[in-house]
Every structure is written in structure tokens, then in C-alpha cells.
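The block underneath contains the structure these notes are about, expressed in C-alpha cells.
Laboratory data are not the source of any read-out in this text; all were calculated from the coordinates shown. Keep in mind it's a predicted model, so treat the numbers as computed, not measured. Please note: Cβ atoms are built from the backbone with ideal geometry, for glycine as well, and neighbour counts cover all protein chains shown.
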Amino acid sequence: MKSLSSRFALLALALSAVSLAPAVFAQDNAPSGGSGESHQHGAPDPQQQAARLTNKLGLSNDQTAKITTILQNQQQQISALRSDSSLSQDDRRTKMHSIRQDTDTQINAVLTPAQQTQYADMKAKMKQHMQNGGNGGNGGGSTGG
């Protein structure tokens, strides 16, 4: 009989651990309050993205300002989308894709034709990098051109 009571204790412990797991993960995924380091799904903030594009594409100050505004708008839309619990995961994914496409269209409208080509190349490389698991630092540097 002692074995039976210890099994029930073990079962109770396991059930409590399973019931607490979602709360723990929710806290891990919650954006941190004030630090500029909080990245949702690894996405840099709009200023960092704009600075990277400025560096890679040679943007003018006017282009950088416009693209920063576009990226800030995207970040707000994605944040609102993530907090909307009424959407199914498929609907959320579809809307996320639409927001990103809209952002790309707006960014391309600010770029020169040569910059558009470079931007498309950057996106293709990033997509390939993500499909390869997002790791492997070799071969990602500048290759001249």
C-alpha cells in the first residue's frame, strides 16, 4: 500500500509540473519592459534594421528616415497582431505575411532600381540562411561587387 500512495504523490507532482509549464513559458516569452534588447522572434528594432539597410544599400538620409518610419509601422502592426487572441494561427500567419509584403512594397518604393536589386539579393540570402536553420556563420560575409 505504501507503493500505491507514493505513486499517487508522484502522479500529483507530475500533474502540477505539467500544469505550471505554460505559465513558465509565457513568462519566458513575454517582452521585457524597458530594455532596448527585447526582440520578438529575433527581429531587430526598426532603427537597427534601418541602420543595417543604410549600411548595406548606401541609403541617403531621406531614404533612411522614410524606411525607419515604414519599419516602425510594421513593428506596431505585428505587435498588435501578436496580441490579438481572437485570430487563429493560420489567420495570424496570413496577416503576418501580408504585413511583411506590404512593408517590402513600401521599402522598394523608396529605393533606387540598383538598391532594389541589392535589397532583393539580401532578402534571398536571408531566406536561404533561415531555411538552413539560421546557423553557420561561414560564407555570409561580403563578397565584393
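Suppose we take every Cα in region 44-131 and form the convex hull; what volume per residue is that in Å³?
With only Cα atoms used, region 44-131 gives 94 Å³ per residue.
In whole Hz, with x marking every Gly and Pro, tabulate ³J(HN,Hα) for region 63-75 from phi via Karplus 6.51 cos²θ - 1.76 cosθ + 1.60, θ = phi - 60°.
Values, residue by residue: 4, 4, 4, 5, 5, 4, 4, 4, 5, 5, 4, 4, 4 Hz.
How far apart, in nm, are two points set 7 Å out from the Cα along the Cα-to-Cβ line at ASN55 and at MET126?
According to this spin-label approximation, the distance is 1.4 nm.
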